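This report concerns only the one structure given below.
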Amino acid sequence: MQLGVIVILTPDLDEARRFYRDVLGLGLRREAANPLIFDLGGAELHVFSCADPAPAAYRHGATAATVCAFEVASIEAEMERMQARGFVFLHAKPAENAFSGVRYAAFQAPGGNVHELIERRPA
C-alpha cells in the first residue's frame, strides 16, 4: 500500500487555489468547479469545496484531526517567507520531534485546516 491521494475540504476554493499553488508552490494538475487537484510528487492533493470551515475550537496536538506536513529544506526560511505573506504560525519557532528526526511548525491554512512545515534533520 502507498499513499495516493490526500483530500482536504475547505469552504473557499479560490482562496485554497491561491494558497496551495501560489504560497506553497504546488503544481495545479487539474481544475474543475470542484475539486482542485495538485501534484505532490507521486501522490495528489484533492481540494474539495465544503459548506463550513474547520471548528474554531481546534487545538493542535490535542484535538483529533488529520494534519498535512509539507517538507522544506529550511523551515526558518519558509516560515519567514510565509509570515511575510500574512500567515500566522501556531508555533512561534520550530519545535523538534527527536524520535522522528524532524523539526516542525504548524500553521492554519484556508478553511481553518492546520498543516505543518517539516524539516528533516541529518541522522
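What follows is calculated from the coordinates using simple rules that are stated; it is not laboratory data. Keep in mind that what you see is a predicted model, and the values were worked out from it rather than measured. We place every Cβ from the backbone using ideal geometry, glycine too, and count neighbours over all the protein chains shown.
Close amide H partners of H91, meaning residues 5 or more places away or on another chain with modelled amide H under 5 Å apart, are A106.
Length gained on full extension, A56 to F99, computed as 0.36 nm times the residue gap minus the Cα-Cα distance: 12.5 nm.
Show me the chymotrypsin sites (Phe, Trp or Tyr not before Pro) within the range 26-123 that DSSP assigns to loop and that have at most 13 other Cβ atoms within 10 Å of their Cβ. The qualifying sites are F99. Under 5 Å from the amide H of R29 lie the amide H atoms of I37, F38, D39, each residue being 5 or more positions distant or on a separate chain, with H modelled from the backbone and absent for Pro and chain starts. Note that the range 9-17 has calculated 3J(HN,Hα) couplings of 10, 8, x, 10, 5, 5, 5, 5, 4 Hz, one per residue in order, obtained from phi through the Karplus relation 6.51 cos²θ - 1.76 cosθ + 1.60 (θ = phi - 60°); glycine and proline are x.
Residues whose amide H comes within less than 5 Å of that of A109, counting only those at least five positions distant or on another chain, are V114, H115 (H built at 1.01 Å from N in the peptide plane).
Between the helical axis of 75-84 and the longest alpha-carbon principal axis of the chain there is an angle of about 50 degrees. What the phi angles of the range 90-97 give under the Karplus curve with 6.51, -1.76 and 1.60, with θ = phi - 60°, is a coupling list of 7, 10, 5, 9, x, 9, 10, 10 Hz, glycine and proline written as x. Given points 7 Å out from each Cα along the Cα-Cβ axis, report the A32 to S49 separation in nanometres with one decimal. About 1.3 nm separates the two model spin labels. A simple charge model with +1 on the Cβ of Lys and Arg, -1 on the Cβ of Asp and Glu and nothing else charged puts the dipole of the range 40-123 at about 160 debye relative to its Cα centre.
Judged by the gyration tensor of its Cα atoms, with axes a ≥ b ≥ c, the range 18-88 is oblate; a/c meets the 1.5 cut and b/c is at least as large as a/b.
Couplings 3J(HN,Hα) of the range 47-55, computed from phi: 10, 10, 7, 9, 7, 10, x, 4, x Hz, in residue order, whole Hz [Karplus 6.51 cos²θ - 1.76 cosθ + 1.60, θ = phi - 60°; x for Gly and Pro].
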